[in-house]
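Enquirer: This is the structure I have questions about; it appears just below.
The values are calculated or read from the model by the stated rules, or taken from the named source; none is laboratory data. Please read these numbers as outputs of a predicted model, since none were measured by experiment. Positions of Cβ are backbone-derived with ideal geometry, glycine not excepted, and every protein chain shown enters the neighbour counts.
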Amino acid sequence: MKIYYHDVVRKSEEQERSVEAVFCASNEELVARSDCIVLATPFSGSRLVDADLLRHFKQGSRFVNIARGKLVDEDALIAALESGQIFAAGLDVHANEPHVHPKLTKMRNVMLTCHNGGGAVETKIGFERLAMENIERVLTGKEPLTAVNKHILKQ
């Protein structure tokens, strides 16, 4: 599998090389080159996948949203699925949760699941353990195990 990605902060050459990832300068470039697009990003307060971006998707590609439902214009996604621009979609988040768009529930090329990956007991225990270990390390003058966006902070 070839990995293409777009992010606000480009990974280092070493990181890209380690997984043979190719940086795309824009979302339009990313979706035009990709056979399968996985949306995994925090909600920024606005839609990311709309009719304009969907027109740039590679013909017949697949789309998976594991981020937030409100990032996607579901009516535009449905139109892209009906036209064949998008071959299939997998959605575990929805724009109007807990309600699912009625058209999506009837489409044979759409897989709908509930967003529950973080809901497992083991996951919650792991998050709590990791948080406690990070707190303990910081309080004892050590580097945290999982500093989030540390590269953005000034040293």
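Enquirer: Of the residues Ala25, Ala21, Ala40, Ala80, which single one is in contact with a strand residue (DSSP E or B) (Cβ under 9 Å, 6 or more places away or on another chain), among the hydrophobic types (A, V, I, L, M, F, W, C) and surrounded by fewer than 13 Cβ atoms within 10 Å (Cβ to Cβ)?
Expert: Only one candidate qualifies: Ala40.
Enquirer: Find all pairs meeting these conditions: Cβ atoms under 6 angstrom apart; at least six residues apart or on different chains; first residue within the range 17-43 and under 16 Å from Ala67 (Cα atoms); second residue assigned to a strand (DSSP E or B).
Expert: Taking only residues 6 or more apart or on different chains, the pairs are Cys36/Arg62; Ile37/Phe63; Val38/Val64; Leu39/Asn65.
Enquirer: Pick out, from the range 11-69, the helices (runs of 4 or more DSSP H) lying fully within it that include 3 or more residues that are outside the structural domain of Met111 (by TED's automatic domain parsing) and small (Gly, Ala, Ser). Reasoning before the result, please.
Expert: Details: elements: 13-19, 27-33, 51-56.
It comes to none.
Enquirer: Identify, please: which residue in the range 85-130 is more than 28 Å from Arg55 (Cα to Cα) and surrounded by 11 or more Cβ atoms within 10 Å (Cβ to Cβ) and is, among those, modelled with the highest pLDDT?
Expert: Filtering first and then ranking leaves Leu130.
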